[in-house]
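> Mind having a look at this structure? Questions to follow.
The values are calculated or read from the model by the stated rules, or taken from the named source; none is laboratory data. Since the model is a prediction, treat every value here as computed from it, not as a measurement. Note: ideal-geometry Cβ built from the backbone for every residue, glycine included; neighbour counts use all protein chains shown.
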Amino acid sequence: MSNTALQALKDRAPGFVPSVAVVLGSGWGGLTAHIRYPIRIPYAELQGFPAAGVAGHGGELWLGHIGAKAVAVMSGRKHGYETGAVDGMKLPLQVLQSVGCRVLVQTNAAGSLRSDLPPLSLMAISDHLNLPQRSPLVGETGAERFVSMVDAYDPEMLAHAITSAAEQGAHLYTGVYAWAFGPQFETPAEIRMLAHLGADAVGMSTVPETILARHLGMRVLALSLITNMGAGLSQEHLSHAHTLSQAAAASQNASAVLAHIIGTLERE
Ligand code: HPA
């Protein structure tokens, strides 16, 4: 692990011990407005943190408080489709775990596979399909690499998220997230296959980070903002610009719901 990044983080925020790590995906950038007294560290100052690449994904680590929780929020993540490597988030998550984070809250934008899960819905991930069958743990040694993925998305935090969203007047769907490698969108035939396999939503991120977090012993909560129906399920033309504009429309509400969920987490 990069002691350099860990040290840089400690130097920038002496004595600050975050307990909740958050990864912001498309549409979730508004969460940063809920961070009190933020300290912002560009990834460029944190060796091994991902260089910002994709439009709509920033490149900064935000430290501060949401409600009573001390948080470390990664605005910007590395995706498998950028280079083919799926372990781009390994070092950042190791650093955040070492500095104190026991929970990882992930967010993303996703396509829906269900007619009763419309665009602009929020879905908490209850389980996932690792369709590419790629793992960021390849190369790890020791018995811990054979990490159990049962309850990879912590049932207690999931229940908390549903209750907490309801307190905000928001309905949180739950469902299975299928990881599609991307960067191309799916074909209509692939979308039909994914629905058949039991997936409720599809996206290009999150799964590698969940595996990494479980390996690090962190509990995971993950929320998807549904930006579109899967290919072939509606007339809309899929594009990254469409994902971003839909995400922008729902961003404020989604972020407020998430801030409340994080601020009221119990065990951390
Ligand atoms: N497919 C894959 N990833 C996505 C989608 C989609 O339809 N929408 C947002 N991210």
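> Which residue, of Ala249, Ala213, Ala241, is more than 27 Å from Pro136 (Cβ to Cβ), in contact (Cβ under 8 Å) with a residue 12 or more places away in the chain, outside any loop (DSSP other than H, G, I, E, B) and more than 11 Å from the ligand (Cβ to nearest atom)?
Ala249
> What are the residues in segment 216-238 that are more than 9 Å from the ligand (Cβ to nearest atom), small (Gly, Ala, Ser) and either buried (at least 24 other Cβ atoms within 10 Å of the Cβ) or on the phi > 0 side of the Ramachandran plot (or both), if any?
Gly217, Ala222, Gly232 - these are the residues of segment 216-238 that are more than 9 Å from the ligand (Cβ to nearest atom), small (Gly, Ala, Ser) and either buried (at least 24 other Cβ atoms within 10 Å of the Cβ) or on the phi > 0 side of the Ramachandran plot (or both).
> Another question, if that's okay. I want to confirm something. Restricting to segment 16-36 and keeping residues that are modelled with pLDDT under 95 and of a type in the set (Gly, Ala, Ser), which single residue is farthest from the ligand (Cβ to nearest atom)?
Gly30
> Can you find even one residue in segment 224-233 that is under 11 Å from the mean Cα position of the chain (by Cα) and either of a type in the set (A, V, I, L, M) or part of a strand (DSSP E or B) (or both)?
Yes.
> Also: Taking the residues in segment 62-91 that are over 15 Å from Thr206 (Cβ atoms) and among the hydroxyl-bearing types (Ser, Thr, Tyr) as candidates, determine which candidate is surrounded by the fewest Cβ atoms within 10 Å (Cβ to Cβ).
Quick first cut of segment 62-91, residues over 15 Å from Thr206 (Cβ atoms) only: 62-73, 75, 83-85, 91.
Of the ones still in play, those that are also among the hydroxyl-bearing types (Ser, Thr, Tyr) are 75, 83.
Numbers: Ser75: 21, Thr83: 11.
Applying the filter and picking the extreme gives Thr83.
> Does Leu194 fit the bill of being surrounded by 15 or more Cβ atoms within 10 Å (Cβ to Cβ), part of a helix (DSSP H, G or I), touching a residue at least 24 places away in the same chain (Cβ under 8 Å) and within 12 Å of the ligand (Cβ to nearest atom)?
Considered against the rule, which asks whether it is surrounded by 15 or more Cβ atoms within 10 Å (Cβ to Cβ), part of a helix (DSSP H, G or I), touching a residue at least 24 places away in the same chain (Cβ under 8 Å) and within 12 Å of the ligand (Cβ to nearest atom), Leu194 comes out as yes.
> Just the residues that are in contact (Cβ under 8 Å) with a residue 40 or more places away in the chain and of a type in the set (Asp, Glu), please, taken from segment 101-136.
Of all residues in segment 101-136, those in contact (Cβ under 8 Å) with a residue 40 or more places away in the chain come to 101-115, 117-132, 134-136.
Asp127 - this is the single residue of segment 101-136 that is in contact (Cβ under 8 Å) with a residue 40 or more places away in the chain and of a type in the set (Asp, Glu).
> Just the residues that are surrounded by 13 or more Cβ atoms within 10 Å (Cβ to Cβ) and in a loop (DSSP other than H, G, I, E, B), please, taken from segment 123-135. Let's see the steps before the verdict.
First pass over segment 123-135, keeping only residues surrounded by 13 or more Cβ atoms within 10 Å (Cβ to Cβ): 123-132, 134-135.
Across segment 123-135, the qualifying residues are Leu131, Pro132, Arg134, Ser135.
> With respect to Gly64, is the statement that it is away from the ligand (no atom under 16 Å from the Cβ) and part of a loop (DSSP other than H, G, I, E, B) true?
no
> I would also like to ask the following. I need every pair where a residue in segment 169-191 that is closer than 14 Å to His79 by Cα and near the ligand (Cβ under 10 Å from one of its atoms) has its Cβ under 8 Å from the Cβ of a residue that is part of a strand (DSSP E or B) and polar (S, T, N, Q), sequence separation at least 6 or different chains.
Trp179/Asn130
> Now a separate question. Looking at segment 17-39, I want the residues that are part of a strand (DSSP E or B) and have a partner that is of a type in the set (Phe, Trp, Tyr) and away from the ligand (no atom under 16 Å from the Cβ) with Cβ atoms under 7 Å, at least 6 apart or on another chain. Which pairs are those?
Sorted first by the residue in segment 17-39, then by its partner, the pairs are Pro38/Trp62.
> Right, another one. From the list Gly58, Gly111, Gly48, exactly one residue is in contact with a Ser or Thr (Cβ under 9 Å, 6 or more places away or on another chain), modelled with pLDDT of 95 or more and outside any helix (DSSP H, G or I). Which is it?
Gly111
> Keeping to segment 136-185, report how many residues are surrounded by 12 or more Cβ atoms within 10 Å (Cβ to Cβ), of a type in the set (A, V, I, L, M) and outside any loop (DSSP other than H, G, I, E, B).
Matching residues across segment 136-185 total 10.
> For segment 197-210, give me each residue that is within 14 Å of the ligand (Cβ to nearest atom) and either surrounded by fewer than 21 Cβ atoms within 10 Å (Cβ to Cβ) or under 22 Å from Asn253 (Cα atoms) (or both).
Once the filter is applied, which keeps residues that are within 14 Å of the ligand (Cβ to nearest atom) and either surrounded by fewer than 21 Cβ atoms within 10 Å (Cβ to Cβ) or under 22 Å from Asn253 (Cα atoms) (or both), segment 197-210 yields Asp200, Ala201, Val202, Gly203, Ser205, Thr206.
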